[in-house]
Amino acid sequence: MADFTNRRQITSVAQLNPLQAEQVALCGVAYDDEDLPADRRLSADPEDESVLNFCELWDVVADGSPVYEAWFYQADSGSIFLAGTSEMVAQIIQCGLECADQERELELGAAMARAGLLPSGDSAFERYWRAADETP
């Protein structure tokens, strides 16, 4: 069973290690197709395509080990990477989870439902909530 843990509010590129900075840049590309470095994505300058109005980083752990790193930004968007990599495996689009791998989607969706990160009005919420209840 996966759980979202260790929530951090991100307000500056100074908070990030090089891999996290790369992940932020990739989040931006996924969001608006603009290839900008992390310092511009986390800039307070209104001319930059910033995600500062809402940017959080969560660890997603299973059996005590990090499995994913989940970024939430722009209030209704996000990107989920395999832990320790720049491989994006899922996205949050208008608060809903998008993932090509059905098993991974169910695991992440159940964890998001348990953590209160998925709106109850989402079309898949009930399915994820049931999966969360069935997970030992």
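Calculate how steeply helix 18-32 sits against the longest principal axis of the alpha-carbon atoms of the chain, using the helix alpha-carbon long axis, and give the answer as 0 to 90 degrees to the nearest 10. Value to nearest ten degrees: 80.
Charged side chains reduced to their Cβ positions (Lys and Arg at +1, Asp and Glu at -1) give the range 60-109 a dipole of some 140 debye around its Cα centre. Basic side chains Lys and Arg get +1 at the Cβ, acidic Asp and Glu get -1 at the Cβ, and with that the dipole of the chain about its Cα centre reaches some 440 debye. Selection among S65, V29, C95 by position relative to the dipole of the range 2-99 gives S65 as farthest towards the positive end (Cβ unit charges, Cα centre).
Computed from Cα positions, the angle between helix 125-134 and the longest principal axis of the chain comes to roughly 60 degrees.
Is the range 2-99 rounded, prolate or oblate when judged by the Cα gyration tensor, a ≥ b ≥ c being the square roots of its eigenvalues, rounded requiring a/c under 1.5 and prolate requiring a/b larger than b/c?
On the way: a/c = 1.75, a/b = 1.48, b/c = 1.18.
Prolate, since a/c reaches 1.5 and a/b exceeds b/c.
A Förster distance of 25 Å, applied to the separation of the beta-carbon atoms of L82 and Q9, puts the FRET efficiency at 0.65. The length gained on full extension between E134 and E47, counted as 0.36 nm times the residue separation minus their Cα-Cα distance, comes to 26.6 nm. Taking K and R as +1 and D and E as -1, what net charge do the other residues with C-beta under 11 Å from the C-beta of R8 add up to? Net charge in that neighbourhood comes out at -2. Axis of helix 102-115 versus longest Cα principal axis of the chain: the two differ by about 80°, to the nearest ten degrees. Looking at the square roots a ≥ b ≥ c of the eigenvalues of the Cα gyration tensor of the range 46-94, which shape do they give, rounded for a/c under 1.5, prolate if a/b is larger than b/c, or oblate? Note, shape of the range 46-94 comes out prolate.
Just so you know, all these numbers are worked out from the coordinates, no wet-lab data involved. Quick caveat, the model's predicted, so the values are computed rather than measured. Here the Cβ is made from the backbone with ideal geometry for all residues, glycine too, and neighbour counts use every protein chain on show.
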